[in-house]
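The values are calculated or read from the model by the stated rules, or taken from the named source; none is laboratory data. Source: prediction; values computed, not measured. Heads up, the Cβs are rebuilt from the backbone with ideal geometry, glycines too, and the neighbour counts pull from every protein chain shown.
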């Protein structure tokens, strides 16, 4: 079992930095005593972040991914999650073959 | 809401599709990290303590001997800034969590786990047991998968060839559909998506998530109507997201 000191420090540093970003949200939350307009903004946070995470894949990667995303949206309205996800993955594999 | 055990298993079962997609990605991470010269123990340690898939791939890509500590720590902050928003958002739903449970819960915060927790909170209430059912099972798959990859890796091929990388986007799309309530949701999504994609194409790094999120949240604030600050009506989405 080999452990390099530099590697160990890098891993610990990355772990601390990552945990800091994860708990900073809780602190931020305590500052924001929300109501009215701020409440509307906070309510929009989950969908806004979700959309921002997937937008590059859905809109800016390729035609196959964009079409597969559209198929997944339709599937998500009608099918259970696991089936909808499988449909999306299957369609991206097929579309990548077809479109390249 | 059931017993603690029921809630824990409900969380673990809900996240199952993500676990299936995570396993090969974890194997790939272990393989790539081993190829960069990290020992199996170091790889396991990184997965168990850093525990952030996107960052770990970026870090391994930048890895050198000796490890560029400052660069890696800075990269960790930049790549994970999105967690601040996710923590602030899910923190509001953690009314049943004790103080220590909140801090422990943030250790296992991942994009996918967060999305499932948000869905649970929207459907009713989020219990600590459900949250940790998600968090613990994902953590187990990620750490054991990357350790396995480090030890037996090679010749696995690229998971993206099988569409595994798209599975995460597909999961997010399914959860996103459950958040639809009215035209204002559409405006939030349109602005967030457009700004995120634009920043992704123009600015290197992971700033696109923050930029898109702020655009979406800003849109929601701009469209706010007085007296409309109750929870968006839930009944509309009933049945759309079978679990």
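Summary of computed values
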quantity: Criterion (surrounded by fewer than 20 Cβ atoms within 10 Å (Cβ to Cβ), in contact (Cβ under 8 Å) with a residue 60 or more places away in the chain and under 18 Å from residue A:7 (Cα atoms)) met by exactly one of B:48, B:54; calculated: B:48
quantity: Every residue from the range A:76-91 that is in a helix (DSSP H, G or I) and at the interface with chain B (Cβ under 7 Å from one of its Cβ atoms); calculated: A:76, A:77, A:81, A:82, A:84, A:85, A:88, A:89
quantity: Qualifying residue in the range B:84-96 (condition: modelled with pLDDT of 90 or more, farther than 22 Å from residue B:146 by Cβ and over 20 Å from the mean Cα position of the chain (by Cα)); calculated: yes
quantity: Checking residue A:62 against (1) under 21 Å from residue B:209 (Cβ atoms); (2) within 7 Å of another protein chain (Cβ to nearest Cβ); (3) surrounded by fewer than 20 Cβ atoms within 10 Å (Cβ to Cβ), the condition it does not meet; calculated: (2)
quantity: Residue match in the range B:34-56 (condition: within 13 Å of chain A (Cβ to nearest Cβ), over 18 Å from residue B:166 (Cα atoms), in a loop (DSSP other than H, G, I, E, B) and at pLDDT 95 or above); calculated: yes
quantity: Odd one out for residue B:206, checked against (1) over 17 Å from residue A:57 (Cα atoms); (2) at pLDDT below 95; calculated: (1)
quantity: Test: residue in the range A:40-52 that is over 16 Å from the mean Cα position of the chain (by Cα) and surrounded by fewer than 16 Cβ atoms within 10 Å (Cβ to Cβ); calculated: no
quantity: Residue that is modelled with the lowest pLDDT, among those in the range A:1-19 that are facing chain B (nearest Cβ under 7 Å) and assigned to a loop (DSSP other than H, G, I, E, B); calculated: A:1
quantity: Where residue B:5 falls short, out of the listed (1) within 11 Å of chain A (Cβ to nearest Cβ); (2) at negative phi; calculated: (1)
quantity: Every residue from the range A:20-34 that is surrounded by fewer than 16 Cβ atoms within 10 Å (Cβ to Cβ) and within 7 Å of chain B (Cβ to nearest Cβ); calculated: A:28
quantity: Test: residue A:48 is assigned to a helix (DSSP H, G or I), at the interface with another protein chain (Cβ under 9 Å from one of its Cβ atoms), closer than 17 Å to residue B:116 by Cα and at pLDDT 90 or above; calculated: yes
quantity: Matching option when the condition is within 15 Å of the chain's Cα centre (by Cα) and under 30 Å from residue A:51 (Cβ atoms), among B:57, B:74; calculated: B:57
quantity: Filter result (more than 13 Å from every other protein chain (Cβ to nearest Cβ) and surrounded by fewer than 19 Cβ atoms within 10 Å (Cβ to Cβ)) within the range B:115-127; calculated: B:124, B:125
quantity: Test for residue A:24: is it within 18 Å of residue B:177 (Cβ to Cβ) and either out of contact with any strand residue (DSSP E or B) (no Cβ under 9 Å at 6 or more places or on another chain) or not in a helix (DSSP H, G or I) (or both); calculated: no
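Residue-by-condition table, conditions (1) in a helix (DSSP H, G or I); (2) over 26 Å from residue B:14 (Cα atoms); (3) touching a residue at least 12 places away in the same chain (Cβ under 8 Å); (4) in the same structural domain as residue B:10 (by TED's automatic domain parsing):
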position	(1), (2), (3), (4)
B:74	yes, yes, no, yes
B:77	yes, yes, no, yes
B:95	no, no, yes, yes
B:102	yes, no, no, yes
B:121	yes, no, yes, yes
B:129	yes, no, yes, yes
B:137	yes, no, yes, yes
B:142	yes, no, yes, yes
B:145	yes, no, yes, yes
